[in-house]
Every structure is written in C-alpha cells, then in structure tokens.
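The values are calculated or read from the model by the stated rules, or taken from the named source; none is laboratory data. This one's a predicted model, so the numbers in the text were calculated from it and none came from an experiment. Quick reminder, even Gly has a Cβ in these numbers, built from the backbone with ideal geometry, and neighbours come from all protein chains shown.
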Amino acid sequence: MRAIKFSKRMGKFLILAILVIGFFPTRIGLAQSEEKFFEETGHKVEGEFLKYFQNQGGLEIFGYPITEAFIDQGLVVQYFQKARLEWHPDNPDPYKVQLGLLADELRYRRPPVAEPLPRSRRRVYFAETGHSVAYAFLDYFIAHGEVDTFGYPVTEMFFEDGKIVQYFQRLKMEWHPDDQTATVRIGNIGELYVSIYRDRMPPEALRPLDAKPYTGEPTAIPSITEIRAVVSLKYSVMSKRSDQTVSVLVTDNNSTPVSDAQVTIHFETPGGEILEGSSMTLLTDTRGFVRAEIPVNGGQTGSQVIVRANVTYATQLATTAQNVFLLWW
C-alpha cells in the first residue's frame, strides 16, 4: 500500500512539475512584476525584455512590439517592428537577452569584399563577415552598442528603394538626409519578418491584447487600398555576363503579404535603356514573394544598373519599387 501511495504522490508531483515547467517559459522564466502596454500596437513588453528594451534604446532601436512573447524552437521570443528579442537563460549576464539574426534569416547577407585601402578611421572593416561600416553609419553603430546590438555588417552600404541602407546580422540602418534630427534610422526588418512568416506564429501572440476574443463568428476582411513593394538584390557589386538574383516582396496597407500580384522586373541604365534579356513577369506566392535569376547583358563598367519592379494587383492597384547595383568588372 505504501508503494501505491508513494506512486500517487510522485505522480501528483510530476504533474505539478510539468505544469510549472510548461508555464514557466511562456512567462519568459523571469520576474514579471514590471510591464508596459503599448496602445499603438496593442501589445505589452514585460520582465527582462522590458528592461532590455528600456536600457538599449527603446523605440528608436526596436520600434513598437508587434507580438506577445511566445516560445519558438525552445526559445522565448518577441517581435518588434525593427528587431526580435530572444531569451537565452544559459548565457552569462548581461547576454541573456539577445537580438535575433533577422537579416541572416531573411538572406540579406552578401558575399565578402576585400578590405578598402587605404585604411581610414572613418571606416572599420570586419573580417568576420568581410564588410565595412563607415561615416554616419559608423558613428551610429558606435553610439548604440556596436556588435553587441547590431551584430556584424552583412552587406556594404547600397541603394534600396531610393535610400542608402546597410544590413547587419540583427538590424538594418537607413540614411534619411532630409531629416536633420534622425539622419540615421533603424529599418523595420522585424515587421518584414513577421509579415512573411506570420503563419508560423501562434495566433494568440499576434493578436493585440485589446482585440475582441474570437467568438466563432466571421470577421470582416480588412480591405486592400494600397500595395507596397520592396526590391532586394543578392549582389550590390557584380560583373557583366553573370546572373543577378532579384527578390520582390509585395504587401498591402495592412502589412499583409499579397499573393498573385503581377510583378514585372527589368534592368535599365541610368539613361533609361532597358538591358537586353532582363525583362521578366512573375506572380507572387502566398508569402508575397517573387524571386528570379536574371542575366546582366550590357551596361558600362563603373556605372549603376537600376532594377525596377512594376507591380499590379486586382487591376486597379499598382506600385513601383527599385534598387541598384554596380557594374565593376
């Protein structure tokens, strides 16, 4: 009888332990006495994530939270407009909270380049990834935590959709010369990631806390009044008679990927001449993406090639986006 009682007692203990362990990570495994709710997006940040958010730059670096914290592949994570926060309990302090490697996961990393010569204090080359950080981007990088915050650069500076940008392992920098108060900004790479992979995330983490609970009744589908496009390139510098990889993401005014949008891509010179064999028309997939390998035929060495994407959807909605790369040899 004692063995049976002991077994029952142990069974209750194991059930309790499982419940506690199951609950523990969903609460980030930390003291949750402090939290902040953001009405702008309907999500809250709490515990160690909130401390990290407040101490490492707040809205300027991370933007607003766009999910609740949830477990993904054994890690507690939370997405913000500009980044992903991760909880690594086995790391030593102060590295238990880390930023996710979103630029790498979104395949923005470019091949390494040679260290620019002559060397300059206004440009720092990182042999770890084979890319440099320079000028105003370098100033911002140093002022906001360097590698601990951004990770290593995974591209050089290049033009994307009319702006000079640079991708780091964890964040994206953008150059806004018309804004004298915030010339360098952090791009919304977290928002981009969530728009692509939201179907892999738990609906309860995506749902704003002030949203009405699901009742089983159908809800109105948000209307699409505008489409947006972003053009990404595999190579920022390349040679003629080789292939450029072009990716285009199409989203709507609700930041939702748009499938079956028609995307026409072509390469053109700064003078407006379309390069031979560069035109291609594709339809976006369920993630709002098209990707194509397009040959580079023509153009002058040392000049830019403009990659233009003309996008149409449902006959009445249209937009244009572009990026550029350099022909160098």
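Quick one: which of Met173, Met157 is without any contact (Cβ under 8 Å) to a residue 40 or more places away in the chain, closer than 26 Å to Thr67 by Cα and hydrophobic (A, V, I, L, M, F, W, C)?
On the way: Met157 fails: closer than 26 Å to Thr67 by Cα.
None of the others qualify; the one that does is Met173.
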Residues being within 16 Å of Leu171 (Cα to Cα) and surrounded by 16 or more Cβ atoms within 10 Å (Cβ to Cβ) - total across region 78-111: 21
Top-ranked residue of region 95-113 - restricted to ones that are within 17 Å of His131 (Cα to Cα) and part of a loop (DSSP other than H, G, I, E, B), ranked as modelled with the highest pLDDT: Leu101
Candidate set from region 267-300 (those that are closer than 18 Å to Phe159 by Cβ and among the β-branched types (Val, Ile, Thr)); member that is surrounded by the fewest Cβ atoms within 10 Å (Cβ to Cβ): Thr269
Region 137-154, residues that are within 20 Å of Pro112 (Cβ to Cβ), in contact (Cβ under 8 Å) with a residue 40 or more places away in the chain and in a loop (DSSP other than H, G, I, E, B): Gly151, Val154
Some residue of region 304-311 being within 12 Å of Ala229 (Cβ to Cβ) and in contact with a helix residue (DSSP H, G or I) (Cβ under 9 Å, 6 or more places away or on another chain): no
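Is at least one residue of region 205-227 at pLDDT 85 or above and within 15 Å of Thr320 (Cα to Cα)?
Within region 205-227, one or more residues are at pLDDT 85 or above and within 15 Å of Thr320 (Cα to Cα).
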Total residues in region 61-88, condition of a type in the set (A, V, I, L, M, F, W, C) and in a loop (DSSP other than H, G, I, E, B): 3
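Tally up the residues in region 236-283 that are outside any loop (DSSP other than H, G, I, E, B) and touching a Pro at 6+ places or on another chain (Cβ under 6 Å), please. Before you say what the answer is, go through the steps one by one.
Looking only at region 236-283, we keep the residues that are outside any loop (DSSP other than H, G, I, E, B), and these are 237-238, 243-252, 257, 262-268, 274, 280-283.
Pick out the ones that are also touching a Pro at 6+ places or on another chain (Cβ under 6 Å) and you get 243, 251.
Residues that pass the stated criteria total 2.
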Those residues of region 114-138 which are of a type in the set (S, T, N, Q) and modelled with pLDDT of 95 or more, in sequence order: Thr129, Ser132
Contacts under 7 angstrom Cβ, first residue in region 255-266 being on the phi > 0 side of the Ramachandran plot, partner part of a loop (DSSP other than H, G, I, E, B), 6 or more apart: Asp260/Thr284
